[in-house]
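First the structure, in the form of structure tokens, and then the observations on it.
The values are calculated or read from the model by the stated rules, or taken from the named source; none is laboratory data. The structure displayed is predicted, hence computed values, not measured ones. We place every Cβ from the backbone using ideal geometry, glycine too, and count neighbours over all the protein chains shown. Calculation scope for accessible area: heavy atoms of the full protein, side chains included, ligands and nucleic acids excluded. Shrake-Rupley method; radii C 1.70, N 1.55, O 1.52, S 1.80 Å.
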Amino acid sequence: MCGIWALFGSDECLSVQCLSAMKIAHRGPDAFRFENVNGFTNCCFGFHRLAVVDQLYGMQPIRVKKFPYLWLCYNGEIYNFKQLQKQFGFEFQTLVDGEVILHLYNRGGIEQTASMLDGVFAFILLDTANRKVFLARDTYGVRPLFKVLTDDGFLGVCSEAKGLTNLKHSTSLCPKVEPFLPGHYEVLDLKPSGKVASVELVKFHSYKDEPLHVACDTVETLPSGSFDLETVKSNIRILFENAVRKRLMAHRRIGCLLSGGLDSSLVAAVLLKLMKEININYPLQTFAIGMENSPDLLAARKVAAHIGSEHHEVIFNSEEGIQAIEEVIFSLETYDITTIRASIGMYLVSKYIRKKTDSVVIFSGEGSDELTQGYIYFHKAPSPEEAAEESERLLKELYLFDVLRADRTTAAHGLELRVPFLDHRFTSYYLSLPAELRIPKNGIEKYLLRQSFEDTNLLPKEILWRPKEAFSDGIASLKKSWFSILQDYIDQQVDDLLLEKAVEKYPFNPPKTKESYYYRQIFEKHYSGQSSWLPHYWMPRWVKATDPSARTLKHYKSATQE
């Protein structure tokens, strides 16, 4: 996890522009480099480094003797770089996983490069010999990337939007900053003036398709075409374990977020099992957050005891949660209601990890709810086919919601997130299964996933079959939910009259509740006029919902509700 930033064709002094690059310094607390491009005095790269792999030669932009005309700035982890090196006979100059991007590009161009990378990534690749700039982002957008491109060809690229919002440019007072689409690459021509012109934007991978890099995966070819339940369950276990195993690549200490729900518990259990197998010589630290005696804390405690991790509990009170709201919205760069609610706990636990421990590479359970139909409202799906379509829509929009939350809350404290449920091969296999296999059964969501691990003893039965909690309830005390605490506080902050006039003040995505209005005010304070970053609010489907919380749905049964 790092922070990348680059400008091409800047009309303003680069020493002034580079102040914007410092806005993402939290993403790379270990080192910073600012480098001009030879022959293009108005083009430059900025890089904030979190040293996780090859601590000696990992500074960027990466340049190697063999390709002196290539410049690479990337944020991510390429899990199959050694397999690619072996398959194609690449001669690496460093131990950095991202170096493989240079070799792949030299061998087969940008299409093959993006398609063959098994990992999470956002990169800027400059080819001065052919006068090209390439941008690319992984399938689910696990690693963030934003860009601004003006009519006269000034290009700015950054890991977070905040590094681009205050750039100066002669022809535009406020250039439009946009998220770069996941699963795409863009080709731009570099002119002698340093300005660029977009040539094409290409979708290189769809999450339903088996990725091209399967050809050099470490797992053998699985039985295909058979949807026999025992075969399916075995394949799910094999691919999920493989997804966790490949993400063990790190020179820094590994930890795991643990809410005590199914997803994070499965990740933690498999992670610890594999760490023992490869003789990692330190205990796995797991981290849970909640208010005193919250359901998540109690469930996580059971899981930690069962798997034998070194467990940490972070207890926060309502005041600490409320005080964090503005910092969280600034970090997230969104005003989405459920994203902000769920981010408070993750932001506070990440802060604890950074200050109190030496764990840097943090595993988490993001992506499972979207992939395995874990949200409560899936019980209301009219048909298995419509449930499957909704699952795909959620995966497509992950970069706007859960993946955004997970990246920004951890990156704000210089941590690197790893999400095995979003492994390309695991997700493409799960989505290839018949729609009726993937729906909730017997009133239980994620039934197939739970069933697949039933006979493994990885988790206690009550955890494996624990119902879905709304995140804001999971971290709440039994006396009062975090949802209720937020409503009570915000009710005092937003006047009824303000809410009545919300549509006039905020015509795009107008707030419909006081909570939504409160978040929007804070967002506009930091990112005025950038409301289009969120195309729509996250809301459940097939139910008449005015609030995204699971606790507002009839099916939801929480221990915090009487």
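So the values come out like this:
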quantity	calculated
ALA435 within 19 Å of the chain's Cα centre (by Cα) and farther than 20 Å from LEU266 by Cα	no
Scope the range 139-161; condition surrounded by fewer than 24 Cβ atoms within 10 Å (Cβ to Cβ) and either among the hydrophobic types (A, V, I, L, M, F, W, C) or touching a Phe, Trp or Tyr at 6+ places or on another chain (Cβ under 6 Å) (or both); matching residues	PHE146, LYS147, VAL148, LEU149, ALA161
Matching residues in the range 75-100 - criterion: being under 30 Å from ASN42 (Cβ atoms) and under 21 Å from the mean Cα position of the chain (by Cα)	ASN75, GLY76, GLY98
Subset of the range 117-138 that is open to solvent by 20 Å² or more (accessible area, probe 1.4 Å) and of a type in the set (D, E, K, R) - its residue that is nearest to the chain's Cα centre (by Cα)	LYS132
Any hit, the range 253-263, residues being hydrophobic (A, V, I, L, M, F, W, C), in the same structural domain as SER364 (by the TED database) and surrounded by fewer than 17 Cβ atoms within 10 Å (Cβ to Cβ)	no
Residue within the range 151-160 that is at pLDDT 90 or above and closer than 22 Å to LEU422 by Cβ present	yes
Number of the exception - HIS213 against (1) outside the structural domain of LEU433 (by the TED database); (2) at pLDDT 85 or above; (3) surrounded by fewer than 15 Cβ atoms within 10 Å (Cβ to Cβ)	(3)
Filtered residue count, the range 75-116, keeping only those that are surrounded by 21 or more Cβ atoms within 10 Å (Cβ to Cβ) and touching a Pro at 6+ places or on another chain (Cβ under 9 Å)	2
Selection within the range 275-295 - under 25 Å from GLU370 (Cα atoms) and open to solvent by less than 10 Å² (accessible area, probe 1.4 Å)	THR286, PHE287, ALA288, GLY290, SER294
So GLU327, is it surrounded by 20 or more Cβ atoms within 10 Å (Cβ to Cβ), of a type outside the set (Val, Ile, Thr) and in the same structural domain as PRO434 (by the TED database)	no
Positions within the range 230-245 being under 19 Å from the mean Cα position of the chain (by Cα) and within 22 Å of ILE463 (Cα to Cα), in sequence order	PHE240, ALA243, VAL244
Only one of PHE316, PHE330 that is in contact with a helix residue (DSSP H, G or I) (Cβ under 8 Å, 6 or more places away or on another chain), modelled with pLDDT under 95 and more than 16 Å from ASP263 (Cβ to Cβ)	PHE316
Cβ-Cβ under 6 Å pairs, at least 6 apart or on other chains, the range 251-273 side free of Cβ contacts under 8 Å to residues at least 40 places away in the same chain, far side open to solvent by less than 10 Å² (accessible area, probe 1.4 Å) and hydrophobic (A, V, I, L, M, F, W, C)	LEU272/LEU284
Selection from the range 169-210 of residues that are among the charged types (D, E, K, R) and under 29 Å from the mean Cα position of the chain (by Cα)	LYS176, GLU178, GLU186, GLU200, LYS203, LYS208, ASP209, GLU210
Residue check for GLY260: touching a strand residue (DSSP E or B) at 6+ places or on another chain (Cβ under 8 Å) and within 30 Å of ALA129 (Cα to Cα)	no
Qualifying residue in the range 426-439 (condition: open to solvent by 60 Å² or more (accessible area, probe 1.4 Å) and in contact with a helix residue (DSSP H, G or I) (Cβ under 8 Å, 6 or more places away or on another chain))	yes
Qualifying residue in the range 296-303 (condition: touching a residue at least 40 places away in the same chain (Cβ under 8 Å), at positive phi and open to solvent by 50 Å² or more (accessible area, probe 1.4 Å))	no
Residue match in the range 41-61 (condition: open to solvent by 20 Å² or more (accessible area, probe 1.4 Å) and at positive phi)	no
From the options LEU274, LEU284, LEU248, residue that is more than 21 Å from the chain's Cα centre (by Cα) and within 17 Å of LEU417 (Cβ to Cβ)	LEU284
Residue count for the range 447-471, restricted to those that are within 23 Å of the chain's Cα centre (by Cα) and within 14 Å of ARG237 (Cα to Cα)	1
Enumeration of residues in the range 181-194 that are among the charged types (D, E, K, R) and within 15 Å of LEU125 (Cα to Cα)	GLU186, ASP189
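Results for (1) of a type in the set (Ser, Thr, Tyr); (2) open to solvent by 70 Å² or more (accessible area, probe 1.4 Å); (3) outside the structural domain of SER331 (by the TED database), shown as yes or no for each residue.
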residue	(1), (2), (3)
ASP495	no, yes, yes
LYS501	no, yes, yes
PRO507	no, yes, yes
LYS512	no, yes, yes
ARG520	no, no, yes
SER528	yes, yes, yes
PRO535	no, no, yes
